[in-house]
Amino acid sequence: MSTHARISASVYTSHVPAIGVAMDQGRTAEPYWAPLFAGYAPSRRWMAEHRPDAIVLVYNDHANAFSLDMIPTFALGTADRYEPADEGWGPRAVPPVTGHGELAAHLAQSVIQQDFDLTLINRMTVDHGLTVPLSLLFGEQPVDAPTWPVPVIPLAVNVVQYPVPSGRRCLQLGQAIRRAVESFDQPLNVQVWGTGGMSHQLQGPRAGLINREWDNAFVDRLIADPRGLSELPHLDYVREAGSEGIELVMWLIARGAMGDLAGGPAPRVAHRFYHVPASNTAVGHLILEDA
C-alpha cells in the first residue's frame, strides 16, 4: 500500500446557481428539472462507491469572497472551515464546508515551489460555484449537518475579469497539483474537480447563447486531446461558447491532474452527461477515473 497521497479521479460539472435553488426548494422532480437530475443519479451512485478523503475543487467566485478591489488569478483556500456566502438573498441552506488544512498547506508549499504564484486564503465564504457541484454529487444535505461528507480545498480561479489565465497555464497547474498530491506523505485518496460552464452568455445581444455542438466537441477533446485543447485561444471560448463560456478553462486544471499527462495510461470515462437548458445555461458533466 502506498504511503503517499494519490489522485484517483477528476470530476467536471457546471455550477448553475438555479440548480442549487431547485434542490433547496424541493423542485428536482418537476418536469423542467427532472431530466437534469436524472443525469446526475449515476454520479451519486459512483460517488457513494468512490468517496475520496479530500477534494480539490476548482471554481470561480461570483463577487462574494472577492470583488474588483482584489482579483487573484489563482487563490487556494487553506482554512479549516468555509461558510456559505450570502449571494444577495441569504446563504444557501447547506452545511458549512470543512477544509483540509494540512493537505492545503502542503499543496501551497509544493505548487508555489513549482513557480505558481498562488494567493493563499485563510478566511473566505464560498458561493454557488463551490456548493452546487457538491450538492449535485452528494445530494441534498441537512442544513444542520456539521459539514459535507468530504473535506474540500477550494481553488478559486479568476474567469470573471480579464485578463484571465490561459488554458495552457490551467493545464500546467493541474499537473503541478498532481505532483504536489503525490508528494504528500499520507495515503489519501484525492479527487480534483473542475467546475463552471458550459456555453452561456448572461448579457448583451447574444444573451441566452447555447452551443451544443461546440460544448460536446470540447468534452471530446478534453478526454482525448487535453494538450491540444489547452492551446485554444480565449477568443474562441467567447465567440463559440459565450462570454461566460470562458469558465471552461477551469476544467483544464482538473484534466491536468490526470495521470496520462504524467506519462501514464489514458483515464477511463465513468460517466458523461449533457443537458440544455438549466436556467439559461448548458450543463455538462464528466467523471474520469485515473488509470
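The values are calculated or read from the model by the stated rules, or taken from the named source; none is laboratory data. Values in this document were obtained by computation on a predicted structure and should not be read as measured data. Cβ atoms come from the backbone with ideal geometry, glycine included; neighbour counts cover every protein chain shown. What goes into the accessible areas is simple: the full protein's heavy atoms, side chains included, and nothing from ligands, DNA or RNA. Shrake-Rupley method; radii C 1.70, N 1.55, O 1.52, S 1.80 Å.
Of note:
- Per-pair calculated FRET efficiency, R0 = 25 Å: Trp89 and Gln203 via Cβ, rounded to 0.05: 0.80
- Simple point charges give the picture: +1 on the Cβ of Lys and Arg, -1 on the Cβ of Asp and Glu, and for the range 158-291 a dipole about the Cα centre of about 120 debye.
- Only the Cβ atoms of Lys and Arg (+1) and of Asp and Glu (-1) were treated as charged; on that basis the dipole of the chain about its Cα centre amounts to roughly 460 debye.
- Peptide ranges 264-273, 68-77 listed from the most packed, as the mean C-beta count within 10 angstrom indicates: 68-77, 264-273
- Estimated [θ] at 222 nm from DSSP helical runs (n ≥ 4, -39500 (n - 2.57)) normalised by residues in the chain, nearest 500: -10000 deg cm²/dmol
- q = 0.17, 0.18, 0.19, 0.25 Å⁻¹, the range 44-140: log10 I(q)/I(0) [Debye, one scatterer per Cα]: -0.84, -0.93, -1.02, -1.43
- Difference of contour (0.36 nm per residue) and Cα-Cα distance, Arg81 to Arg168: 28.2 nm
- For Tyr32, solvent-accessible area (1.4 Å; no DNA, RNA or ligand), Å²: 100
- Contact order relative to length of the chain, as percent, for alpha carbon pairs under 8 angstrom and 6 or more apart: 31
- A 1.4 Å probe run over the chain, with the rest of the protein chains in place, finds 40 Å² accessible per residue.
- Here Ala38 and Leu68 are evaluated by their C-beta separation; at R0 = 41 Å the FRET efficiency comes out at 0.60.
- Across the range 129-257, Cα-Cα pairs more than 23 Å apart make up 40 percent of the total.
- Dividing the C-alpha radius of gyration of the chain by 2.2 N^0.38 Å, with N its residue count, gives 0.92.
- Charge dipole of the range 1-101 (Cα centre as origin; +1 on each Lys and Arg Cβ, -1 on each Asp and Glu Cβ, all else neutral): 440 debye, rounded to the nearest 20.
- Multiplying the residue separation of Arg6 and Leu235 by 0.36 nm and removing their Cα-Cα distance gives an extension gain of 78.9 nm.
- Highest average packing first - 133-141, 17-25, 208-216, Cβ atoms within 10 Å: 133-141, 17-25, 208-216
- Extension reserve of the Arg51-Thr119 stretch, reckoned as 0.36 nm per residue once the Cα distance is removed: 21.7 nm
- Farthest towards the positive end of the charge dipole of the chain, among the residues Thr131, Pro267, Ala9, is the Cα of Pro267, using unit charges on the Cβ of Lys, Arg, Asp and Glu.
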